[in-house]
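Take a look at the structure below.
We did not get these values from a lab; they are worked out from the coordinates using the rules stated. As the structure is a prediction and not an experimental result, all values here were calculated from the model. Note that we place each Cβ from the backbone using ideal geometry, even for glycine, and neighbour counts take in every protein chain shown.
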Ligand code: HEM
Ligand SMILES: *[C@@H]1O[C@H](CO)[C@@H](O)[C@H](O)[C@H]1NC(C)=O
Ligand SMILES: *[C@@H]1O[C@H](CO)[C@@H](O)[C@H](O)[C@H]1NC(C)=O
Ligand SMILES: *[C@@H]1O[C@H](CO)[C@@H](O)[C@H](O)[C@H]1NC(C)=O
Ligand SMILES: *[C@@H]1O[C@H](CO)[C@@H](O)[C@H](O)[C@H]1NC(C)=O
């Protein structure tokens with residue numbers, strides 16, 4: 001006779017096991033799912049071109065913190081500090097309402113079927129494809145988390161000050177290679193960043209009281225004008241010279257010393273990453289191939305914790321205990 005508490009725990013274990021992801025997961029239950037997501041993303045892009053970049057960034061900030069489980073999208077509750085206000089996300093992540101629009105359209109077509117975690121994965125792919133980048137088949141079938149962790153986000157997500165050796169180690173913890181790191185950083189081919197993220201680089205790199213010496217002088221002048229000392233640090237600048245086009249311009253900019261973030265430029269400064277930057281700057285199809293591989297690997301990260309399909313991406317339907325009780329009933 002198994003002790004009741006033990007069988008309780010065993011059950012938890014079975015439902016917590018990571019589900020296998022596969023293409024076409026919704027082909028029976030919601031065959032229109034992928035075209036609905038693409039359609040809402042297209043309309044968002046027409047309305048505000050930057051919004052698709054902002055949505056694409058969600059995949060990184062979701063998947064690195066306890067797996068791709070839409071924990072990122074949960075609002076704070078009286079008992080839970082969510083990830084929206086973490087160091088890297090506060091005043092920075094944006095366009096949450098685009099995900100809400102996608103969810104609303106999907107709930108209309110197929111209620112309670114498509115997870116918010118899968119929406120982030122589909123929408124990120126669509127952001128790239130709609131911006132002129134590669135298109136690819138995504139694996140689906142993720143569940144949405146029942147909790148979020150601000151502390152985990154604070155601890156994990158890298159600062160724009162990070163150097164390449166730090167980033168190599170961080171990505172390695174997620175089984176992402178040096179090539180994956182450089183290719184995935186190429187996501188900064190679209191979108192913008194705030195002056196807040198580069199002030200130290202412009203005026204006090206590594207506490208020297210001087211700017212980052214790897215900044216190309218003309219580019220530095222331009223950034224100094226955009227982000228003067230004492231100015232509004234919420235002002236934004238383009239992450240590369242073609243911020244609405246997903247292309248390899250980002251890597252050409254790095255070779256020319258025109259990277260926006262320190263974490264970008266360091267990929268060319270450090271020897272371990274430099275050759276990949278050069279390769280991608282010369283060969284866009286190599287970049288696209290490596291980027292797709294990286295996005296698929298990053299999309300495979302799972303927490304193994306129990307989950308559900310949320311009705312609303314910002315709030316959970318059930319508490320963890322409800323899920324346990326339901327699974328026993
Ligand atoms: C390698 C480490 C990375 C660091 C340190 C980093 C850091 C940043 C920072 C600081 C910003 C600007 C935020 C602001 O100033 O408010 C940004 C923007 C962005 N990041 Fe990253 N990032 C990294 C990797 C990635 C990855 C892997 C992706 C996606 C695959 C990604 C996608 C984006 C996008 C699309 C934007 C522009 C968002 C917008 O315009 O709203 N980043 N990133
Ligand atoms: C890179 O950053 C890490 C962590 O911030 C630091 O300890 C290390 O000294 C830096 N490496 C180089 C070569 O600057
Ligand atoms: C990385 O790969 C190892 C070996 O396959 C595996 O045990 C580990 O769980 C993986 N880590 C992550 C974060 O996926
Ligand atoms: C530059 O950074 C160093 C170290 O963080 C700090 O001690 C110094 O006060 C800063 N200088 C300025 C002008 O902000
Ligand atoms: C940016 O704007 C937000 C409000 O939208 C404000 O709370 C924050 O302090 C500003 N941040 C900077 C760095 O100026």
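Summary table
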quantity: Degrees, to the nearest 10: 33-47 long Cα axis against longest axis of the chain; calculated: 40 degrees
quantity: Packing-based exposure ordering (other Cβ within 10 Å, fewest first) of 80, 56; calculated: 80, 56
quantity: Euclidean distance between Cα centres, the stretch 266-329 to the stretch 197-239, Å; calculated: 30 Å
quantity: Gaussian network model of the chain, springs between alpha carbon atoms under 10 Å - residue of 285, 54, 131 with greatest fluctuation; calculated: 285
quantity: Degrees between helix 164-173 axis and first principal axis of the chain (Cα, 0 to 90, nearest 10); calculated: 10 degrees
quantity: Shape of the stretch 47-192, Cα gyration tensor, a/c cut at 1.5; calculated: oblate
quantity: Projected label distance in nm at residue 245 and residue 46, using a 7 Å step from Cα toward the beta-carbon; calculated: 2.3 nm
quantity: Most mobile of 299, 257, 209 in a GNM of the chain (Cα contacts under 10 Å); calculated: 209
quantity: Rounded to 10°, Cα long-axis angle of helix 217-226 versus longest principal axis of the chain; calculated: 60 degrees
quantity: Principal axes of the chain: Cα extent on each, largest first, Å; calculated: 72, 39, 36
quantity: Gyration tensor (alpha-carbon) shape descriptor, the stretch 164-297, a/c threshold 1.5; calculated: prolate
